[in-house]
Amino acid sequence: MVRRWQLGIITLFLAVVTGIGGWIYYQQHHFKHFAVHEPGKMYRSAWLGPDALSQIIETYQIRAVVNLCNPDEMTPQQWDEERQTVKGAGAMLYAVPLPNSVNVDAKSWEPHLAIINNPDNYPMLVHCQHGVTRTSMFLTAYDILKRHKTAADSLAVQPTFGHERADVHVHTFADNFEKFAHERVAANPAAGSVQ
């Protein structure tokens, strides 16, 4: 009798652990690298399938989705699904590839700065293919420009999702963007921010 009771407890424990593990696995793969960057304002992820993207747009009332991928990083079907999902949810889609460079080229960053500076775009979801490097770069720019954080403070709270090697690249970019932002503000103090 005691042995049967012990086996029942062990079986129940294994079922609970398996269920929790399965739920975590599903969340990690369905909502790839999704994270809240600033509640009510800024969210991040990797590229998401239509169901997950639709759910996030609805749950967080996303008004703009910023896709930082190059055109060849996603299949035509993935691009179509994203366009249809975002449009169907009543949000705006910005497909603005972001150079994966540690240098800040003002011309390349113009469309990204315009998106960041437009208050109608918030709450916003930003993503690249994996939601790691370029997404972190965009969020660091956002933090420096809109939240008046330092590059180090911004990166200190951003998840790396197990990609610590890419972190060196992002840190170098962040330091360069911080200098770029300060130079732009110094050149135009009346603006008060990078426009």
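The values are calculated or read from the model by the stated rules, or taken from the named source; none is laboratory data. Keep in mind the model is a prediction, meaning the values are calculated, not measured. The area values use the complete protein model at the heavy-atom level, side chains included, leaving out ligands, DNA and RNA. Shrake-Rupley method; radii C 1.70, N 1.55, O 1.52, S 1.80 Å.
What the phi angles of segment 119-131 give under the Karplus curve with 6.51, -1.76 and 1.60, with θ = phi - 60°, is a coupling list of x, 6, 8, 9, x, 10, 10, 10, 8, 10, 4, 9, x Hz, glycine and proline written as x.
Rounded if a/c is under 1.5, else prolate if a/b beats b/c, else oblate: with a ≥ b ≥ c from the C-alpha gyration tensor eigenvalues square-rooted, which is segment 69-152? Here segment 69-152 falls in the oblate category.
Taking each residue as 0.36 nm, the span from Ala156 to Glu38 lengthens on full extension beyond its C-alpha to C-alpha distance by 41.1 nm. Taking every protein chain into account, the accessible area of segment 39-195 amounts to 49 square angstrom per residue (probe 1.4 Å). Within the straight-line cut-off of under 19 Å between alpha carbons, the lysines reachable from Lys107 are Lys179, sequence neighbours fewer than 8 places apart in one chain being disregarded.
Listed by chain and number, the lysines whose C-alpha is less than 25 Å from the C-alpha of Lys32, apart from same-chain residues fewer than 8 away, are Lys41, Lys87.
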